[in-house]
Structure formats: structure tokens, C-alpha cells
1. Residue 55: net charge of surrounding residues, Cβ under 14 Å, Lys/Arg +1, Asp/Glu -1, itself excluded?
2. Just to be sure I understand the curve: with the Debye formula and one point per C-alpha of the stretch 334-414, what is log10 I(q)/I(0) at q = 0.12, 0.16 Å⁻¹?
3. Can you give me the long-range amide H partners of residue 201? Hydrogens built in the peptide plane at 1.01 Å from N, cutoff under 5 Å, separation of 5 or more residues or another chain.
4. Could you work out the relative contact order of the stretch 209-362? I mean the mean sequence separation of Cα pairs under 8 Å and 6+ apart, divided by the number of residues, in percent.
5. Return, ordered by residue number, the residues of the stretch 348-387 whose backbone nitrogen is under 17 Å from a label point located 7 Å along Cα→Cβ of residue 410.
6. I'd like the projected area of the stretch 145-212, averaged over all directions, using the convex hull of its alpha carbons. Report it in nm² with one decimal.
7. Over all distinct alpha-carbon pairs, what is the Kirkwood Rh of the chain in angstrom?
8. Dividing the Cα radius of gyration by the Kirkwood radius, what Rg/Rh value follows for the stretch 225-369?
Amino acid sequence: MNNLTHPASLSGPTLLPTEIMSKIFLQCTDVDGSLTPPNTIDVPLLLTKICRSWRTVAIGTRSLWSRLYLNIKPNAKHQATLLSTWLTRSGTCPLHIYIMWNDPPYFPSHAILDILVQHSHHWGSMYFFLPLSAYTALFPARGNFPSLTELSLGTHEPSAPDPILDAFEDAPKLRSLECVNLHPYMFKFPWANLSEIPIMTVTVDDSLDILRRAPRLERGSFIYTDELIVCPAPPPKPLRHEHLKELAVLAPIWYEDIKTKDLFKYLIAPHLHSLRICNIHWPFGTHLSSFLTQIDALESLYIRKTTLTEAEVLGLLQLLPTLKHLTLLSSSMFPMVSDLLLTRLTWRPAMKMPLVPKLETLEISLPGPLTIPFVELLESRWDVDDGSTSVVQLLQVEVGASDEYDDEIIRRLESLAQAGMQVIIGTTDVPLEDGLEYLSAR
């Protein structure tokens with residue numbers, strides 16, 4: 001292994017080769033892939049305190065020290081010492097570091113940031129949540145990001161129109177960029193290189209402009225809000241994006257009346273595979289319909305708490321014969337699913353053109369209890385003959401409904417689960433992911 005300084009096998013109580021021990025140690029710190037103090041500080045330190053052999057292997061496993069989460073404090077000398085130790089032990093490994101600065105007082109710089117800047121040539125994935133003024137401390141690293149692939153910038157302070165920081169303009173390998181509560185135009189970025197925007201807080205017009213600046217973007221997720229800064233944007237005009245495959249648009253609960261129609265009016269994304277729309281309460285169904293007609297083969301549609309009516313949803317589904325994954329989670333004010341939609345989704349052999357024939361997974365919320373049409377939909381989509389129909393088998397269903405369960409309905413759902421369909425039941429008054437019953441586990 002390249003990240004070992006001592007490749008020889010261990011003797012003594014472990015009886016395991018160094019490489020195996022290193023892999024085990026790395027698994028201990030990367031159980032879920034998250035950057036947290038236990039994963040990045042507590043566990044590595046613990047591994048050095050078990051015995052001399054373990055300490056030798058742990059310190060020699062460079063990538064064990066390349067990940068770090070720090071919630072930095074003013075004048076915290078011990079944190080600077082800890083960071084320097086991690087950087088020394090990580091050697092030339094790409095760094096994956098999360099720096100949080102929540103607690104005042106705030107200054108234009110900090111010892112932690114100064115140390116990190118000196119090692120910017122090893123930055124791999126970097127996540128900063130800083131007071132706005134502290135971002136100027138990163139400027140000395142400008143042009144020294146040969147390994148930076150992922151960057152996340154955030155703040156808890158209002159964005160400002162100036163100064164514009166060009167610290168990250170020259171980052172040749174940067175592919176993933178997110179800006180949280182911080183307008184991206186406060187910085188200069190290599191937009192043309194980007195393939196992913198996990199989260200970006202912008203206006204609708206900004207998102208169109210960013211898609212124009214990032215022609216190679218494949219995945220983009222935008223949180224729409226009012227203007228973080230007053231930034232002149234070009235007037236909307238049609239934009240054809242050839243590389244975009246996944247798009248998510250959502251609004252915070254305090255800004256659900258955002259008007260998204262311009263996005264769906266002007267954007268053309270023919271190769272889009274996945275579309276997620278959340279918390280949009282301004283009518284947009286007509287423009288969404290036109291947007292979907294220009295997509296070659298959408299496979300996943302996720303709609304949560306919007307003003308779309310059931311009739312509009314039915315109209316949209318008629319445009320999506322390639323859809324494999326469908327999520328319809330209604331708000332109490334705007335229900336999207338009733339027995340009418342369930343019946344239309346039910347497959348019957350006499351149908352020449354069934355609705356969404358390729359559907360494999362379904363997640364819905366119902367305004368009341370589970371109904372017979374819901375069960376009939378599942379049964380019809382399970383009992384299909386692969387050789388004589390274009391309808392594929394529905395494999396997984398998650399449903400939120402009131403907890404008034406009819407015994408006959410539950411019996412039929414259990415039969416489907418026993419046959420192999422994954423049936424998951426939640427309640428409408430509990431988030432589906434927090435109150436599930438896995439019938440297939442019975």
C-alpha cells in the first residue's frame with residue numbers, strides 16, 4: 001500500500017500483516033463516510049493507544065490522518081497543534097477536511113486557516129463554514145490547488161456583493177462545488193470544469209445563468225431564495241444543456257412562493273434522467289409539462305409538497321413512458337393522489353398504452369387510509385407476465401397513510417411482501433422515513 005510507511009508484517013499479539021491492520025483501521029474511521037470528530041479525531045487517537053504495534057501501524061497509515069473535522073475556536077492553540085500533527089502524518093495524501101467556525105468573536109483570519117493554506121497543494125475535498133470576513137484568509141492559496149476536486153463554502157452571515165474573491169478560479173481538477181447561504185458570485189470559480197453542484201442557494205435566474213456557465217454539469221441541486229446579493233443577471237433566454245442528468249429544485253419553508261416557471265420555460269435538458277421538485281407553491285404545471293416533453297428518457301421523478309393537482313400529475317405521467325421511479329408526497333393543502341390516480345396506474349391486460357409501464361419503485365402519500373384501489377394497483381403491477389406485456393414488475397412501494405388499517409388490505413399487502421415485493425408503510429402524520437413498517441420482514 002502506498003500510504004504505509006512500514007510495510008513489514010507485524011509480530012507480537014496481532015499476528016496480522018500490516019496492510020490488513022491498516023485496512024481494518026481505515027474501516028473503523030469510515031463506517032458511514034462522514035467527517036465527524038469521532039471518525040476523524042477520536043478513533044485515530046484511540047488506535048495509537050492500544051499497544052506499541054497498533055501505534056506503529058496507525059501512525060504509518062497516512063490516509064488515516066487525511067480526514068479531519070474541526071469546529072474551530074478563537075485562539076485555540078491545541079487545535080493548531082492537532083491540525084499540524086494530522087497534516088504531518090497524512091504525508092502527501094489528498095486531504096478531506098471540514099472546518100466549522102460558529103462561535104464569535106470573528107476575525108479576518110485564524111491560525112487553523114493559515115496552516116491549511118500552507119498545505120493547499122494537498123487539498124482534495126474541502127468544506128468551509130466560516131464568517132464571511134474569514135474567507136479572505138484563503139486568498140494566499142490562490143493557484144495552488146492541483147488536487148482539489150470537491151469544495152463546499154458556507155456562512156451564517158448575509159452575503160455581500162464585494163469583494164469578489166478569485167482564490168479558487170484556478171483549480172483545474174475541481175468538479176464538485178456547493179455554496180450554502182452564500183452567493184456563488186462572491187467568488188470566481190472554474191465553472192466550465194464542474195460536473196456536480198450538490199447544493200447552491202440562488203435565485204431562479206441565477207440557476208439558469210449557472211447552468212449556462214457550467215456546460216459540463218451533470219448533477220445540480222438548487223435551493224431557491226430571494227436575492228442574497230444584488231447581482232445583475234442576463235435576461236432569461238432558451239438554454240439547451242446537453243450534459244445535465246440530475247436536477248433538483250427546492251424552496252425553504254419560509255419562501256415557498258418562489259416562481260420557478262422561468263426555469264422550466266427556458267431550460268432544455270434532453271438527457272435528464274432524474275428530476276426532484278420540493279416545496280414549490282407557485283403554479284408551474286404548464287411550464288413543467290412543456291419541459292418534460294423535451295426530455296428523451298426521464299427515469300426518476302420526485303415531487304414533494306407542491307401545488308400540482310392530481311389532474312396535472314396524470315398529464316405529466318402520460319409524457320413519461322420511460323419512468324422507473326416515482327415519488328408523490330402531497331401537502332395537506334394540495335393532495336396529488338386519490339383513488340383516481342391509483343386506478344389510472346393500475347395495469348390491465350386490455351390496455352394498449354398503460355401509464356408509466358416501466359415503473360419499478362413507487363413512493364406516495366395518501367390523504368386517508370389505505371384503500372382497495374391502492375392494493376389493486378400493487379397486485380396488477382406485480383402479477384405481470386414478462387413475456388407478453390411491456391409492463392415491468394413493480395418491486396418496491398413506500399406509502400404514507402392514516403393508521404386505520406383494514407384487515408383485508410393488510411392481508412393482501414402481506415401476500416405481496418411474502419411473494420417478494422418490498423412494501424413499506426408509514427403514516428401521514430410522521431415523516432415516511434421516520435415511521436416505517438417493513439411488511440416484507442414479517
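The values are calculated or read from the model by the stated rules, or taken from the named source; none is laboratory data. This is a predicted model, so every value here is computed, not measured. Heads up, the Cβs are rebuilt from the backbone with ideal geometry, glycines too, and the neighbour counts pull from every protein chain shown. The accessibility values were calculated without ligands, DNA or RNA, using every heavy atom of the protein model including side chains. Shrake-Rupley method; radii C 1.70, N 1.55, O 1.52, S 1.80 Å.
1. Summing Lys and Arg as +1 and Asp and Glu as -1 gives +3.
2. For the stretch 334-414, the Cα-only Debye profile gives -0.34, -0.60.
3. For residue 201, whose amide H was placed from the backbone, the distant partners under 5 Å are 179, 181, 182, 223.
4. Relative contact order, the stretch 209-362: 17 percent.
5. Zone members listed by number: 369-372, 375.
6. Mean shadow area of the hull around the Cα atoms is 4.4 nm².
7. One over the average 1/r among Cα pairs gives 25.0 Å for the chain.
8. 0.99
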